[in-house]
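**Q** For reference, the structure I am asking about is given below.
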Amino acid sequence: KAGVTQTPRYLIKTRGQQVTLSCSPISGHRSVSWYQQTPGQGLQFLFEYFSETQRNKGNFPGRFSGRQFSNSRSEMNVSTLELGDSALYLCASSLGDRGGTDTQYFGPGTRLTVL
Amino acid sequence: AQSVTQPDIHITVSEGASLELRCNYSYGATPYLFWYVQSPGQGLQLLLKYFSGDTLVQGIKGFEAEFKRSQSSFNLRKPSVHWSDAAEYFCAAKTSYDKVIFGPGTSLSVIP
């Protein structure tokens, strides 16, 4: 079974631009979560989508948004980029069961550099 | 507030030596627990997970972890470290209907 794929793997943008990152989950998985990873802040939860609906949200400004399509693929968008948005953005997919035993599997990440 | 702590920011061990990475959690009830490993520039790979039952959990790559309710700990161990184990290790926890909380990570260096 194919793993989680993220595109693109690397991105370079300038301040003020916007960017869209894509994540394709493992086949059969309905939940997609996004994380931002930086050396100073570690892994920070952005949001989770399940069946095209945002189910959980972290503490990020409204410039960070996402969506999920009917095939469970997800995109996240960052508008008006700031230097501090430079990070590794990780996507994780899971079945999405709410019982607690749900396990997340991660993609390789998208490295975003803002100049 | 719910939290996961990893007391050791960086650990260095010699190849062939044993390894223990510490993880403590603070939750109202016992959460589900996970260990992930991340190689430089890569995503996170699941090493093992604990949901219930036997408190000693076996994972991939020769790792195991022991859940101790009395100490709110879920420490990761490996009897003999290989140079390829050098990476960042993350402990994580979640409860039903809640998001996953990750610890800050422990960076492991292996001396040949």
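**Q** So, B:Ser107, is that one among the polar types (S, T, N, Q), within 14 Å of another protein chain (Cβ to nearest Cβ) and out of contact with any Leu (no Cβ under 9 Å at 6 or more places or on another chain) or not?
**A** Values: among the polar types (S, T, N, Q): yes; within 14 Å of another protein chain (Cβ to nearest Cβ): yes; out of contact with any Leu (no Cβ under 9 Å at 6 or more places or on another chain): yes.
Yes: the conditions hold for B:Ser107.
**Q** Identify all residues within the stretch B:55-109 that are among the basic types (Lys, Arg) and in contact (Cβ under 8 Å) with a residue 12 or more places away in the chain; write none if there are none.
**A** Scanning the stretch B:55-109 gives B:Lys61, B:Lys68, B:Arg69, B:Arg77, B:Lys78, B:Lys94.
**Q** Of all residues being modelled with pLDDT of 95 or more and more than 8 Å from every other protein chain (Cβ to nearest Cβ) in the stretch A:94-115, which is farthest from the chain's Cα centre (by Cα)? Just the residue, please.
**A** Per the criteria, the residue is A:Leu115.
**Q** Please state which one of A:Ser27, A:Ser31, A:Ser65 is among the polar types (S, T, N, Q), surrounded by fewer than 21 Cβ atoms within 10 Å (Cβ to Cβ) and within 17 Å of A:Val4 (Cα to Cα).
**A** Result of the check over A:Ser27, A:Ser31, A:Ser65: A:Ser27.
**Q** For the condition outside any strand (DSSP E or B) and in contact (Cβ under 8 Å) with a residue 40 or more places away in the chain, what is the one hit in A:Pro108, A:Pro61?
**A** Working: A:Pro61 fails: in contact (Cβ under 8 Å) with a residue 40 or more places away in the chain.
After ruling out the rest, the residue left standing is A:Pro108.
**Q** For the stretch B:11-50, what are the residues that are of a type in the set (Lys, Arg) and within 14 Å of another protein chain (Cβ to nearest Cβ)? Spell out the reasoning first.
**A** The initial filter retains those residues of the stretch B:11-50 that are of a type in the set (Lys, Arg), namely B:22, B:49.
Answer for the stretch B:11-50, where residues must be of a type in the set (Lys, Arg) and within 14 Å of another protein chain (Cβ to nearest Cβ): just B:Lys49.
**Q** Can B:Ser52 be described as at pLDDT below 95, over 22 Å from A:Leu88 (Cβ atoms), assigned to a helix (DSSP H, G or I) and not aliphatic (A, V, I, L, M)? If you could, list the steps in order and put the result at the bottom.
**A** Numbers: at pLDDT below 95: yes; over 22 Å from A:Leu88 (Cβ atoms): yes; assigned to a helix (DSSP H, G or I): no; not aliphatic (A, V, I, L, M): yes.
Against the criterion (at pLDDT below 95, over 22 Å from A:Leu88 (Cβ atoms), assigned to a helix (DSSP H, G or I) and not aliphatic (A, V, I, L, M)), B:Ser52 does not qualify.
**Q** Can you tell me which residue within the stretch A:74-85, out of those that are buried (at least 16 other Cβ atoms within 10 Å of the Cβ) and either β-branched (Val, Ile, Thr) or outside any strand (DSSP E or B) (or both), is farthest from the chain's Cα centre (by Cα)?
**A** So, considering only residues that are buried (at least 16 other Cβ atoms within 10 Å of the Cβ) and either β-branched (Val, Ile, Thr) or outside any strand (DSSP E or B) (or both), the one farthest from the chain's Cα centre (by Cα) is A:Leu81.
**Q** Among the residues in the stretch A:26-41, are any away from chain B (no Cβ under 14 Å), among the basic types (Lys, Arg) and outside any loop (DSSP other than H, G, I, E, B)?
**A** So far as the stretch A:26-41 goes, no, none of its residues is away from chain B (no Cβ under 14 Å), among the basic types (Lys, Arg) and outside any loop (DSSP other than H, G, I, E, B).
**Q** Right, something else. Among the numbered criteria (1) modelled with pLDDT of 95 or more; (2) over 22 Å from A:Thr38 (Cβ atoms); (3) buried (at least 17 other Cβ atoms within 10 Å of the Cβ), which single criterion is violated by B:Tyr32?
**A** (1)
**Q** Hey, can you tell me all the residues within the stretch A:73-100 that are farther than 22 Å from A:Ser24 by Cβ and touching a strand residue (DSSP E or B) at 6+ places or on another chain (Cβ under 6 Å)?
**A** Scanning the stretch A:73-100 gives A:Leu81, A:Leu83, A:Asp85, A:Ser86, A:Gly100.
**Q** Report yes if B:Leu48 is within 13 Å of the chain's Cα centre (by Cα) and free of Cβ contacts under 8 Å to residues at least 40 places away in the same chain, otherwise no.
**A** So B:Leu48 fits the description; yes.
The values are calculated or read from the model by the stated rules, or taken from the named source; none is laboratory data. These numbers come from a predicted model, not from an experiment. Positions of Cβ are backbone-derived with ideal geometry, glycine not excepted, and every protein chain shown enters the neighbour counts.
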